[in-house]
């Protein structure tokens, strides 16, 4: 903890020097070897400027963007160390995010945007309740998508020592978006981590998955609901969402059975911690043998797909292959399960019939503006 506080203090001090126009000094060794070896923030920005120009980003785009970054943002470093999805237990996170007001707002939004949601769902094969749930989790149904200037947030994290290579790449992707003309620099705002718009796409995801569903020539995830829903749907479909299948369900497991499962069922391998904190998929008959049942004590239905088990301290979930697409959006079980449960609450009562996938020819992508 002391080492972390010292690191934040070093960031704040460097930011103050940079804002004052002086040459920033390297942090004290107490901030860690990596921090001590990094360049000053001004030197870092000069390196970004040179590489951006070498990548073909126009000089006017680069200069305008970097002129808005006089110093690193200490609040961004702090938020990076305290993400709710990773520090809160599953049960507390679900209780916080799935409150009655959120469920009511989701149902209201789903009814209000029903025609558009069904249109998007038919084309991409992702159910409307899932689209609304992701939208709700990411931006409170469009009410709040972040106020941090994206370039400044990404520059701070690219200069920081925890994941500099990843965020440096995202910084160049953001500059490319500005050059393409999809959004003005003043509107390019989002989360502390550089995630943008109502869908909270990182810039690299935006370049790959954002959609111009309303056909106005811009992939506007900041203010166009057509583009927002289509972009979420395109992302999930591209990450393996299978039309007509669910995400998972809550189950009951008695403590002795949970202990046996923990001791005998293999864990998955994966690139992020969440994928390693779940079991390998097993057929329903095997889960029944191991003591997994529905919350009301009935046995698992025979048609239950092969499923992996995700457990918190007291709640358990069997999750199907579509769950992996939700983890691709945010690789944290708290997040993915919250999306699934919120979608279940929004879609309760059969408000949305299963969508048939429209095998239409995708819109031709507009040419990039350079």
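Every read-out reported here was derived from the displayed coordinates using simple, explicitly stated rules and does not represent laboratory data. These figures come from a predicted structure and were not determined experimentally. Positions of Cβ are backbone-derived with ideal geometry, glycine not excepted, and every protein chain shown enters the neighbour counts.
Sorting the segments 292-305, 167-180 by their residues' average number of neighbouring beta-carbon atoms within 10 angstrom, most packed first, yields 167-180, 292-305.
FRET efficiency for the residue 259 to residue 88 pair, using the beta carbon distance and R₀ = 25 Å, is estimated at 0.55. With the highest mean first, a sort of the peptides 95-103, 263-271 on other beta-carbon atoms found within 10 angstrom per residue produces 95-103, 263-271.
Only alpha carbons enter this Debye calculation for region 248-319, each as an equal point scatterer, and the log10 of I(q)/I(0) it gives at q = 0.11 Å⁻¹ is -0.23. Spacing of the modelled spin labels on residue 59 and residue 286, each 7 Å from Cα toward Cβ, amounts to 6.2 nm. The modelled label-to-label distance between residue 95 and residue 147, using points 7 Å beyond Cα along the C-beta direction, is 2.9 nm.
Cα-based values for region 105-263, radius of gyration first and Dmax second, are 18.1, 58 Å.
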